[in-house]
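Working notes, beginning with the structure itself.
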Amino acid sequence: MLVRTHQDAEKTAVDEEKFVSRRYTLRADGMGHSFHETYVKPGCALHMWYKNHKETVICIEGEGRIEDLTEGGTWDLKPGVLYALDKHQQHILSSEKGMTVLCCFSPSLVGPEDHDEQGSYPLLDDDGSVIQR
């Protein structure tokens, strides 16, 4: 059994200008997915396109918006609202006052991934080397 605390996840956090991603489980944990808590900072909009991963996200605190740039549509996010990027959709995630979401990635992230210029994570091997951009 794996048991992780918020403090444990801080050790693998990626803190960027627009968001903080705390990574609770990663590929090395052998779960088949990785699980993250992400805080979107107030007034920020993140353009993302997970070409190599599928992601499921549920809002647990605050409010925001998800805009699907691939298939079209915009949805308001508030606690209890979930979205899933099942077709690698390009999207914009935004929040005026700050928002916390829980995210599940498949395949699992290794840990050091950060968004590239297209808003994507590279697909990494277990040692952190790039398999695919």
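Summing charges over all other residues whose Cβ lies under 11 Å from the Cβ of ARG4, with Lys and Arg as +1 and Asp and Glu as -1, gives -1. Applied to the range 8-20, the Karplus parametrisation 6.51 cos²θ - 1.76 cosθ + 1.60 on θ = phi - 60° returns per-residue 3J(HN,Hα) values of 4, 5, 4, 5, 10, 5, 10, 10, 10, 4, 9, 7, 10 Hz, with x for Gly and Pro. For the range 34-106, the list of GluC sites (Glu not before Pro) that fall in a loop by DSSP and count at most 10 other C-beta atoms within 10 angstrom reads GLU71. Close amide H contacts of MET99 (hydrogens built in the peptide plane, cut-off under 5 Å, sequence separation of 5 or more or a different chain): VAL40. Other residues within the sphere of radius under 12 Å centred on the Cβ of ILE60, judged by their own Cβ, net out at -2 (K and R +1, D and E -1).
For the range 23-87, the list of trypsin sites (Lys or Arg not before Pro) that fall in a loop by DSSP and count at most 12 other C-beta atoms within 10 angstrom reads LYS87. Compared with the alpha-carbon gap, the fully stretched path from ARG65 to MET1 is longer by 19.6 nm at 0.36 nm per residue.
Throughout, read-outs are computed from the coordinates displayed, never taken from laboratory work. Small disclaimer: the values here were computed from a predicted structure and weren't measured. So basically every Cβ, Gly included, is an ideal-geometry build from the backbone, and we count neighbours across all protein chains shown.
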